[in-house]
Amino acid sequence: MTEANRGVRERPQSPHTDVWRWHITMATSILHRVTGVGLYITALLAAVWAVTLAAGPEAYADYMGFLGSAIGRLGLFVATLCTFFHLAHGIRHLVWDAGKGFAIKTINTSSIAELVFAVVASVGVWIIAAMMGAL
């Protein structure tokens, strides 16, 4: 009969970023989580906007003044980047759910495409907003 060691066994540990060589898909996976947090913060900004709108003209004007400041605009631009990156990454996951796009070259290309799309779409939205007089 075999004798099993009944002591406490070490549990396997998840691979950490120090163990794996960095690659673009690792970066986009982490960035997807980060942008998800950014979208939660963006939702809070929208909730505060609604509360200040209900609180009256003075509170609304103060909040809109904050959003129109340099720090507010930077935050809104980052929120735009988060939105477009999260959208692109979600579409990529839909393609994966269909069983497509798993070749290494395709995965790396789609990772770069996500990043490029997020930047180009965000800059495009802000250029259009400036042309329409919203900034």
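The values are calculated or read from the model by the stated rules, or taken from the named source; none is laboratory data. Just so it is clear, the model here is predicted, and its values are computed rather than measured. Every residue, glycine as well, gets a Cβ built from its backbone with ideal geometry; the counts of neighbours run over all protein chains shown.
Free of Cβ contacts under 8 Å to residues at least 40 places away in the same chain and surrounded by 14 or more Cβ atoms within 10 Å (Cβ to Cβ): which single residue out of Leu81, Leu87 fits that description?
So the residue among Leu81, Leu87 that is free of Cβ contacts under 8 Å to residues at least 40 places away in the same chain and surrounded by 14 or more Cβ atoms within 10 Å (Cβ to Cβ) is Leu87.
Scan segment 64-103 for residues that are farther than 16 Å from Tyr40 by Cα and among the aromatic types (Phe, Trp, Tyr) and report the count.
Summing the residues that are farther than 16 Å from Tyr40 by Cα and among the aromatic types (Phe, Trp, Tyr) in segment 64-103 gives 3.
Please enumerate the residues belonging to segment 116-135 that are more than 12 Å from Thr83 (Cα to Cα) and either surrounded by 16 or more Cβ atoms within 10 Å (Cβ to Cβ) or in contact with a Cys (Cβ under 6 Å, 6 or more places away or on another chain) (or both).
The answer is Trp126, and nothing else.
Taking Leu135, is it within 30 Å of Gly65 (Cα to Cα) and modelled with pLDDT under 95?
Criteria met by Leu135.
Taking Ala27, is it of a type in the set (Gly, Ala, Ser) and without any contact (Cβ under 8 Å) to a residue 60 or more places away in the chain?
Details: of a type in the set (Gly, Ala, Ser): yes; without any contact (Cβ under 8 Å) to a residue 60 or more places away in the chain: no.
Answer is no for this residue.
Is it the case, given these coordinates, that Ala70 is exposed (fewer than 13 other Cβ atoms within 10 Å of the Cβ) and out of contact with any Cys (no Cβ under 8 Å at 6 or more places or on another chain)? Steps first, answer last, please.
Details: exposed (fewer than 13 other Cβ atoms within 10 Å of the Cβ): yes; out of contact with any Cys (no Cβ under 8 Å at 6 or more places or on another chain): yes.
Taking the combined requirement at face value, the residue satisfies it.
Any chance segment 89-112 includes a residue that's among the β-branched types (Val, Ile, Thr) and within 13 Å of Leu31 (Cβ to Cβ)?
Scanning segment 89-112, I find at least one residue that is among the β-branched types (Val, Ile, Thr) and within 13 Å of Leu31 (Cβ to Cβ), so the answer is yes.
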